[in-house]
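Report on the following structure.
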Amino acid sequence: MAKQKPIAIVVHGGAGPDSDHVHENKKKYEEGIQEAVDAGYKVLEEGGSAVDAVEAAVISLENNPLFNAGRGSALNANGEVEMDAAIMRGNDQASGAVALVRNIRNPISLAKAVMMNTKYRFLGDMGALEYAKKLDIRFEPASYFITEHQFDLFSKKREDEFTSSDNIGLDELNARLHGTVGAVALDKNGLMAAATSTGGTENKKMGRIGDSCIIGVGCYANNKTCAISGTGDGELLMKNVIAYDISALMEYKGMSLQEACETAVLERVNPEEGDVGVIGVDSQGNIALVFNSARMHRGWKTSSKQHGVEIYPKK
């Protein structure tokens with residue numbers, strides 16, 4: 001009897017500092033991560049592709065108002081939602097990304113459409129929206145995306161900014177407020193894929209683009225090595241080209257997935273500069289979940305019976 005080929009899904013719901021909000025909603029966060037894992041694994045179990053699996057997992061998180069993507073997106077300095085997303089498949093390094101999109105219920109599906117149906121890799125702002133109108137992409141009114149939690153964060157930071165005796169800018173106030181969702185998968189045909197989506201940072205400058213939609217930074221997949229989704233301080237991930245760096249460490253230095261993730265996140269990043277977290281899977285179904293922050297919402301399931309959901313570091 002032929003040995004069953006491995007399948008695996010790993011998801012994250014963002015890495016960053018701890019907060020009362022996370023503690024108060026810990027069970028709901030865990031349930032949301034589990035739902036995303038189940039959505040992605042179901043696709044793989046039924047013989048679907050890794051691309052469809054990561055899309056399904058990320059859609060689940062985008063639809064969950066607890067996570068900073070899709071419905072739970074952060075509000076920029078104008079009190080508006082601007083979302084970024086990217087997806088990549090590992091056999092041919094095809095990718096699709098969108099930035100600064102509004103009113104799109106699931107930005108990851110628009111990014112996938114860019115990858116599958118256009119000659120482009122990256123569409124932004126009004127160009128991405130115009131393309132979305134030609135597709136079966138679901139739009140929502142602006143009010144759909146604004147949750148009570150994100151509005152409270154926006155209001156508090158606005159108040160802090162206006163009352164600060166130092167008159168510090170919004171970027172400094174929000175340097176450690178961030179959130180992202182993502183997924184990586186390996187299907188039965190050996191195809192790997194990665195997807196990442198975000199609502200950005202609270203009170204960000206209008207037009208700010210983070211790491212999530214940048215291939216090689218917040219998202220990367222190569223069947224020779226791994227699939228990676230990153231999270232944390234976007235500017236720090238961009239500085240270190242985190243996702244591609246992990247793949248390169250595996251390809252050129254022969255590191256295992258775990259070694260490469262630990263090298264990129266724990267050795268090459270100065271923890272004093274900010275938070276970084278990654279999830280990954282390799283061609284053998286090995287998974288990695290590495291972060292330098294107080295918490296990273298994460299969940300996983302593989303055909304080798306590994307499964308779990310965690311938020312804080314293992315004790």
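See the values below:
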item: Pair list, Cβ under 8 Å, 6 or more apart: region 230-256 residue without any contact (Cβ under 8 Å) to a residue 12 or more places away in the chain, other residue of a type in the set (A, V, I, L, M, F, W, C); result: Lys253/Ala260; Met255/Leu249
item: Residue count, region 1-51 (criterion: assigned to a helix (DSSP H, G or I) and among the hydroxyl-bearing types (Ser, Thr, Tyr)); result: 2
item: Leu266 being assigned to a helix (DSSP H, G or I) and either within 17 Å of the chain's Cα centre (by Cα) or modelled with pLDDT under 95 (or both); result: no
item: Contacts under 8 angstrom Cβ, first residue in region 285-301 being within 14 Å of Glu35 (Cβ to Cβ), partner part of a loop (DSSP other than H, G, I, E, B) and not aromatic (Phe, Trp, Tyr), 6 or more apart; result: His297/Ile311; Arg298/Ile311; Trp300/Gln306
item: Matching entry among Asp166, Asp92 (being acidic (Asp, Glu) and modelled with pLDDT of 95 or more); result: Asp92
item: Positions within region 88-98 being farther than 16 Å from Ala53 by Cα and assigned to a strand (DSSP E or B), in sequence order; result: Ala97, Val98
item: Output for region 237-281, where each listed residue is out of contact with any Lys or Arg (no Cβ under 8 Å at 6 or more places or on another chain), surrounded by 15 or more Cβ atoms within 10 Å (Cβ to Cβ) and at positive phi; result: Val241
item: Subset tally (residues that are under 20 Å from Val81 (Cα atoms), loosely packed, with under 13 Cβ neighbours inside 10 Å and without any contact (Cβ under 8 Å) to a residue 12 or more places away in the chain) for region 101-149; result: 5
item: Subset of region 269-315 [touching a Pro at 6+ places or on another chain (Cβ under 8 Å), under 18 Å from Ala183 (Cα atoms) and part of a loop (DSSP other than H, G, I, E, B)]; result: Gln284, Gly285, Ser303
item: Extreme residue, farthest from Asp282 (Cα to Cα), among residues of region 115-142 that are touching a strand residue (DSSP E or B) at 6+ places or on another chain (Cβ under 6 Å) and not in a helix (DSSP H, G or I); result: Gly124
item: Criterion: among the charged types (D, E, K, R), over 21 Å from Leu236 (Cα atoms) and modelled with pLDDT under 95 - qualifying residue of Glu62, Glu46, Glu80; result: Glu80
item: Residue within region 258-273 that is within 22 Å of Lys5 (Cα to Cα), without any contact (Cβ under 8 Å) to a residue 60 or more places away in the chain and of a type in the set (S, T, N, Q) present; result: yes
item: Flag if Glu172 is more than 20 Å from Ser95 (Cα to Cα) and either under 20 Å from the mean Cα position of the chain (by Cα) or modelled with pLDDT of 95 or more (or both); result: no
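So that you can scan it fast, the table gives a plain yes or no per residue for (1) in a strand (DSSP E or B); (2) in contact with a Lys or Arg (Cβ under 8 Å, 6 or more places away or on another chain); (3) closer than 16 Å to Thr180 by Cα:
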site: Ala53; (1), (2), (3): no, no, no
site: Ser60; (1), (2), (3): no, no, yes
site: Asn64; (1), (2), (3): no, yes, yes
site: Phe67; (1), (2), (3): no, no, yes
site: Asn78; (1), (2), (3): no, no, no
site: Ala85; (1), (2), (3): yes, no, yes
site: Leu100; (1), (2), (3): yes, no, yes
site: Ala113; (1), (2), (3): no, no, no
site: Tyr144; (1), (2), (3): no, yes, no
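The values are calculated or read from the model by the stated rules, or taken from the named source; none is laboratory data. In this text the structure is predicted, and so the values were computed from the model without any measurement. Note: ideal-geometry Cβ built from the backbone for every residue, glycine included; neighbour counts use all protein chains shown.
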